[in-house]
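Notes follow the structure.
The values are calculated or read from the model by the stated rules, or taken from the named source; none is laboratory data. The model shown is predicted, which means the values in this text are computed figures rather than measured ones. Ideal geometry is used to build each Cβ from the backbone, glycine not excepted, and the neighbour counts take in all protein chains shown. We work out accessible area using only protein heavy atoms, side chains counted, and drop any ligands, DNA or RNA first. Shrake-Rupley method; radii C 1.70, N 1.55, O 1.52, S 1.80 Å.
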Amino acid sequence: MSKQPHVLVIPYPAQGHVAPLLKLATKIAEHGIKVTFVNTEFIEAKVMASIPEKAEGWSLIKFVSISDGIERDDDRKDFDKTRNTMLRVMPGNLKDLIEKINQSSDCEQITCVIADISVRWALEVAQNLGVSRAAFIPYGPENLALSFHVTKMIEDGILDSNGNPMNDGLISISEGTLPWKRNEICWSCRGNEKMQKILFESICAVVQFVNISNWVLSNSFYELDPSSCDLVPNILPIGPLLASNNSRHLAGSLRPEDSTCLSWLDKQSIGSVIYVSLGSTATLNQQQFEELALGLESSSQPFLWVVRSDLVDGSLTGFPDGFKERITGRGKIVEWAAQEKVLAHPSVACFVSHCGWNSTLEGLSMGVPFLCWPYFVDQYQNRNYICEAWKIGLNLCPDGNGIVTRHEIQTKVTKLLSDEGIKRNALKLKETAINSLVEGGSSFENFERFIVEMKSS
Ligand code: UDP
């Protein structure tokens, strides 16, 4: 008799990773499969604080936490130190957790580990314990496809061994995929060689960990980027992962959502509001922040702007003089929004976005045109897909001093809102995204296949 399945899901401890994996975990649990979701203690406290008590879906998943080894007072923004500590401590903690669950008499043994590729060591832990494993890819298939070409590009002299392009040409991996500009590859970090080295090593290591996985689950859908999907052996695109009825309250937000933005949106005209959010980590300098504020003001459209307490590098010294008074009634500022619900609201006209992969998928699944403001890693190429491949948005271009001016913002808002072609493309892509998720659709079928195979593994 085959064992009852029990899936353990482990995300990288950051907003853009916890949220999609929690949606995936809920989808699996909706199939009647037991799911244990493993956060770091630090992240679990934040996730729990954002879930209303007795929320629907709450009991579907068992939440457990392990230590990331970082002291309470340590600076978690020190990326290198945090990463090294996690790498030293977390594999052992995860192994102990799985062994404890497996020895316990009151629940089923872990039969499958789904690990974010950004915590790829978890796949190795699962392999060593003889448990089946699925690698979860939280970014677009084009970057996964790129990983499969890195070794050859080094051999062919296109990249040096640190991932620097050897000439100014475009980096292309196939005819059907968009080529990368040399400073827009996902590991490019101008002026931060150490970070670039870490990112490049991570991308190079992906193939090895994909190869030890039984499944490769991609948060995308085949029709969005068939050429990239075709370059990745055994990829199973199962996205877009969106909130279901059960995961509505299990959004995996690490900050409390301000729900007043939804009642505010109810009062705005259909298709009028500019929604502005640069995700969970992108920052602006004070000058850029003020320019964005003045650009939104001069756009003469209503706007909903997510201003995180850490949006401005250093610290926010304030909005431009008199800005808040002048925008009363027309502009709404919140620290964190219920983004999926906002994007699905009929009042929203466009999305000023940093083009993080989750935001990209959420915006396109709701049929909302983009104004793109990429900040780092994969966001530049996501922007290129939005503007050049799918044609569902426009780019906000910085001036010679690297500033996106108020004039640029005002001009592009006007241009985007009057572009019927972009609106049509956005609605069409929304339809394709939704169709992939319903019975007979590509992501639906891939997900069912995963469930069937995983249950019998
Ligand atoms: N998000 C949200 N409320 C906000 C801003 C962002 O819930 O006010 C969510 C958004 O829906 C997305 C995630 O935060 O799921 C951000 O992930 P993304 O990959 O877009 O960017 P990152 O934060 O990783 O840069």
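Results, tabulated for the structure shown:
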| item | result |
| --- | --- |
| Top-ranked residue of segment 341-357 - restricted to ones that are open to solvent by less than 20 Å² (accessible area, probe 1.4 Å) and within 17 Å of R330 (Cα to Cα), ranked as nearest to the ligand (Cβ to nearest atom) | V342 |
| Long-range neighbours under 6 Å by Cβ, at least six apart or interchain, first residue within 13 Å of the ligand (Cβ to nearest atom) within segment 360-389, second in a loop (DSSP other than H, G, I, E, B) and among the small types (G, A, S) | Y375/A282 |
| Evaluation of L87 against (1) within 16 Å of the ligand (Cβ to nearest atom); (2) under 30 Å from Q196 (Cβ atoms); (3) of a type outside the set (G, A, S) (one fails), failing number | (1) |
| Hits in segment 307-334 - residues which are among the charged types (D, E, K, R), at pLDDT below 95 and either touching a Lys or Arg at 6+ places or on another chain (Cβ under 6 Å) or within 16 Å of the ligand (Cβ to nearest atom) (or both) | R308, D310, D313 |
| Qualifying positions in segment 214-237 - within 16 Å of F447 (Cα to Cα) and not in a helix (DSSP H, G or I) | N214, W215, V216, L217, S218, N219, S220, F221, N234, I235, L236, P237 |
| Tally of residues being in contact with a helix residue (DSSP H, G or I) (Cβ under 8 Å, 6 or more places away or on another chain) and not in a strand (DSSP E or B) across segment 127-155 | 16 |
| Segment 269-287, residues that are modelled with pLDDT of 95 or more and more than 16 Å from the ligand (Cβ to nearest atom) | S269, I270, G271, S272 |
| Some residue of segment 204-211 being touching a residue at least 24 places away in the same chain (Cβ under 8 Å) and touching a Leu at 6+ places or on another chain (Cβ under 6 Å) | yes |
| Yes/no for G239 being on the phi > 0 side of the Ramachandran plot and within 16 Å of the ligand (Cβ to nearest atom) | no |
| Residues of segment 165-179 satisfying the condition of being of a type outside the set (V, I, T) and part of a loop (DSSP other than H, G, I, E, B) | M166, N167, D168, G169, L170, S172, S174, E175, G176, L178, P179 |
| Criterion (touching a residue at least 40 places away in the same chain (Cβ under 8 Å), within 21 Å of D258 (Cα to Cα) and assigned to a helix (DSSP H, G or I)) met by exactly one of L296, L292 | L296 |
| Odd one out for D80 among (1) open to solvent by 50 Å² or more (accessible area, probe 1.4 Å); (2) modelled with pLDDT under 90; (3) of a type outside the set (S, T, N, Q) | (1) |
| Helices (runs of 4 or more DSSP H) fully within segment 374-457 counting 2 or more residues that are of a type in the set (S, T, Y) and open to solvent by less than 50 Å² (accessible area, probe 1.4 Å) | 420-437, 442-455 |
| Residue in segment 1-52 that is nearest to V125 (Cα to Cα), counting only those that are part of a loop (DSSP other than H, G, I, E, B) and of a type in the set (S, T, Y) | Y12 |
| Residues of segment 258-289 satisfying the condition of being part of a loop (DSSP other than H, G, I, E, B), open to solvent by 50 Å² or more (accessible area, probe 1.4 Å) and β-branched (V, I, T) | I270, T281 |
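Let's see how each residue does on (1) small (G, A, S); (2) within 22 Å of L371 (Cβ to Cβ):
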| residue | (1), (2) |
| --- | --- |
| V306 | no, yes |
| S309 | yes, no |
| G318 | yes, no |
| E325 | no, no |
| K332 | no, yes |
| E340 | no, yes |
| P346 | no, yes |
